[in-house]
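K.L.:
Have a look at the structure that comes next, please.
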Amino acid sequence: MVHSCGQEIPAWVYVGSLLFFISLNSFTVSGAPLKQELLDNGATVLNHSMSLVHRMETLLAMGNGSDVTLRVQTIDTDEVKVIQAHSLVLTLQSDVFEELLVNRNNSAVILTETALCAAVFDKFIRYLYCGDISVRLDQAIFLHTLATKYHVWGLQQGLTHYMTQHLSSDSPTGHVVSWYNYALKIGDTTLRDSCLLYLSWNLSSVLQSKEWGSISEDLLLSLLQRSDLILQSELELFEALEVWVNLNQPVSATVETALRAVRYGMIPPYHLFRLQKQSLLLIKYYESIRDLLYLAFQFHSASPIQLAKYFDVNCSIFTPRNYLSSSWGSPWVINSPTRDDRSFSFQTQLGPSGHDSSKRVTWNALFSPRWLPLSARSSYSELGAMQPTRTEAGHPRIIVTPATSSPDFAGVSFQKTVIVMAKQQGKVVVRHVYNFHQSTEEAGDFLMDADLQRRSSDYLIDSSLYLHIVIKPLYHTLLVARK
């Protein structure tokens, strides 16, 4: 620091003066809570830090001892917000403020912000003094913008974490899409990937929300390419796409690209017939997707083995997503999951092809709260007799196998997906998704990090484990049969 007479003042003198000033001019907090902590060496820590935070907040509010004036101008308006601040606090928290203060010509620093950033600038400055901040969903982006601009990295990281943990919170028009667009713009990969995964795993609820219409063309096309989408059916996705097109009126090239990303082979033929006659979108762009519809009808009319002799079945139109309808799997609620082993049976269609949809496959699922030894699996085909040994050091396991073998399984492999639900901000959402490899019967990392012993576990809803098992028939192994 430099005195007005030109003499340099040591930093320790200024720090000491500021702290002394705080102690004299701030309110005395009588009866402030005193935190005591006993250390291993027998000493006791007396902690009155909350009292100091209160005094720092009062110092900012009253502006006593201020040596810098922040003039926050709102872009394209005459509005100016004036904040009396202290250069020591600003420079300790931000190297950007430090540079601004070094290069200033007088006691005022002029800052230019958007209207929405200017509206939360008081909150931002208060964080620099007190180290805490209250945040609403509609303020997160603008506080994050300020934290990034002024290099307040602790606040920036805290806001990123806040946003990733509040994706499921209710807001009037939704916020996940705007957060995704913001993360994409600034290059925040953590927030971007969290938003994209939330949209993918909870797509059914997103399709029914006001937020669906605000999705950008790039985000829409990105979602349509994914096989990990969780929704009721491919038909639900097509109908939502038609709504989006009607709302946004994109150029024809975008519509054609989106329509060609729909997996028509996963839509039953009677629905395809109906769409051809009743969907205005499909009627308008029929010529653009005629080949895909033709291929879908061929897929539904012949056995997969016959189809694989003439067509490449290793493409997206024949690859299921994670569909929640009963043809593809079943929900499974496990009450008090740490108590003992549980078993469950359900049926699915053999495959999405119209040739196979009437054929049913019975599946047996076994959940063990601890490790399931290999020696215990020999009796798995006898579902009622299963009482496998468990070890206390193990972790939860789940196994899903067909109850019987069948010649119809030739050329068909089954992808098994276990979806774990959770309640966040009062809403049931997807917490985790586990995929089984084709050659295995179980997910080895299933609930590896979940503490099911705690009633408040993030993986439990009212002390129960909510699962949904999806069986996805895949035909790519039939490529060897092609001529």
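The values are calculated or read from the model by the stated rules, or taken from the named source; none is laboratory data. Note that this is a predicted model, so its numbers are computed, not measured. Every residue, glycine as well, gets a Cβ built from its backbone with ideal geometry; the counts of neighbours run over all protein chains shown. Each accessible area value is taken on the protein alone, full model and side chains, heavy atoms only, with ligands, DNA and RNA left out. Shrake-Rupley method; radii C 1.70, N 1.55, O 1.52, S 1.80 Å.
K.L.:
Can you tell me which residues in region 84-117 are closer than 17 Å to Leu155 by Cβ and either among the polar types (S, T, N, Q) or open to solvent by less than 70 Å² (accessible area, probe 1.4 Å) (or both)?
P.N.:
Correct list: Ala85, Val89, Leu90, Thr91, Gln93, Ser94, Val96, Phe97, Leu111, Glu113, Cys117.
K.L.:
Mind telling me which of the residues Leu295, Leu282 ends up being in a helix (DSSP H, G or I), more than 30 Å from His468 (Cα to Cα) and touching a Leu at 6+ places or on another chain (Cβ under 8 Å)?
P.N.:
When all the criteria are applied, what remains is Leu282.
K.L.:
Would you mention how many residues in region 175-203 are closer than 11 Å to Ile141 by Cβ, surrounded by fewer than 20 Cβ atoms within 10 Å (Cβ to Cβ) and among the aliphatic types (A, V, I, L, M)?
P.N.:
So the answer is 1.
K.L.:
Sticking with this one: Anything in region 298-307 that is hydrophobic (A, V, I, L, M, F, W, C) and out of contact with any His (no Cβ under 9 Å at 6 or more places or on another chain)? List them, or say none.
P.N.:
The first filter runs over region 298-307 and keeps only residues hydrophobic (A, V, I, L, M, F, W, C), leaving 299, 302, 305, 307.
Scanning region 298-307 gives a single hit, Ile305.
K.L.:
Among the residues of region 210-236, what is the count of those that are in a loop (DSSP other than H, G, I, E, B) and over 16 Å from the mean Cα position of the chain (by Cα)?
P.N.:
5
K.L.:
Determine whether Phe142 is touching a Cys at 6+ places or on another chain (Cβ under 9 Å) and closer than 17 Å to Ser87 by Cα.
P.N.:
No: the conditions fail for Phe142.
K.L.:
Kindly indicate the residue of region 168-187 that is assigned to a loop (DSSP other than H, G, I, E, B) and without any contact (Cβ under 8 Å) to a residue 40 or more places away in the chain and also nearest to the chain's Cα centre (by Cα) among those meeting that condition. Before you say what the answer is, go through the steps one by one.
P.N.:
Taking region 168-187 and keeping what is assigned to a loop (DSSP other than H, G, I, E, B), we get 168-175, 187.
Filter once more, keeping what is without any contact (Cβ under 8 Å) to a residue 40 or more places away in the chain: 171-172, 175, 187.
Details: Ser171: 16, Pro172: 19, His175: 12, Gly187: 16 Å.
Within region 168-187, the match that is nearest to the chain's Cα centre (by Cα) is His175.
K.L.:
Right, here's the next one. Count, please, the residues in region 237-263 that happen to be more than 25 Å from the chain's Cα centre (by Cα), assigned to a loop (DSSP other than H, G, I, E, B) and of a type outside the set (A, V, I, L, M).
P.N.:
So the answer is 3.
K.L.:
Mind checking which residues of region 131-163 are part of a helix (DSSP H, G or I), touching a helix residue (DSSP H, G or I) at 6+ places or on another chain (Cβ under 6 Å) and surrounded by fewer than 18 Cβ atoms within 10 Å (Cβ to Cβ)?
P.N.:
Thr148
K.L.:
I need every pair where a residue in region 321-341 that is in contact (Cβ under 8 Å) with a residue 40 or more places away in the chain has its Cβ under 6 Å from the Cβ of a residue that is of a type in the set (Gly, Ala, Ser) and in a loop (DSSP other than H, G, I, E, B), sequence separation at least 6 or different chains.
P.N.:
Sorted first by the residue in region 321-341, then by its partner, the pairs are Arg321/Ser227; Tyr323/Ser233; Ser325/Ser233.
K.L.:
Give me a count of the residues in region 454-483 that are modelled with pLDDT of 80 or more and either surrounded by 16 or more Cβ atoms within 10 Å (Cβ to Cβ) or within 24 Å of Ser343 (Cβ to Cβ) (or both).
P.N.:
Of the residues in region 454-483, 17 are modelled with pLDDT of 80 or more and either surrounded by 16 or more Cβ atoms within 10 Å (Cβ to Cβ) or within 24 Å of Ser343 (Cβ to Cβ) (or both).
K.L.:
For region 349-369, what are the residues that are touching a residue at least 40 places away in the same chain (Cβ under 8 Å) and part of a loop (DSSP other than H, G, I, E, B)?
P.N.:
Those that are touching a residue at least 40 places away in the same chain (Cβ under 8 Å) and part of a loop (DSSP other than H, G, I, E, B): Leu350, Gly351, Pro352, Ser353, Gly354, His355, Asp356, Ser357, Lys359, Pro369.
K.L.:
Say whether the condition of being in contact with a strand residue (DSSP E or B) (Cβ under 6 Å, 6 or more places away or on another chain), in the same structural domain as Ala147 (by the TED database) and open to solvent by less than 60 Å² (accessible area, probe 1.4 Å) is met by at least one residue in region 49-66.
P.N.:
yes
K.L.:
Oh, and also: Can you pull out the residues in region 303-348 that are modelled with pLDDT under 85, part of a loop (DSSP other than H, G, I, E, B) and open to solvent by 30 Å² or more (accessible area, probe 1.4 Å)?
P.N.:
Scanning region 303-348 gives Lys309, Tyr310, Phe311, Asp312, Asn314, Cys315.
K.L.:
Take Ser194 and tell me if it is assigned to a helix (DSSP H, G or I), out of contact with any helix residue (DSSP H, G or I) (no Cβ under 7 Å at 6 or more places or on another chain) and of a type in the set (Ser, Thr, Tyr). Please lay out each step first, then the result.
P.N.:
On the way: assigned to a helix (DSSP H, G or I): yes; out of contact with any helix residue (DSSP H, G or I) (no Cβ under 7 Å at 6 or more places or on another chain): no; of a type in the set (Ser, Thr, Tyr): yes.
When the stated conditions are applied, Ser194 does not pass them.
K.L.:
Failed condition for Ile267, given (1) open to solvent by less than 10 Å² (accessible area, probe 1.4 Å); (2) out of contact with any Asp or Glu (no Cβ under 6 Å at 6 or more places or on another chain), with all others met?
P.N.:
(2)
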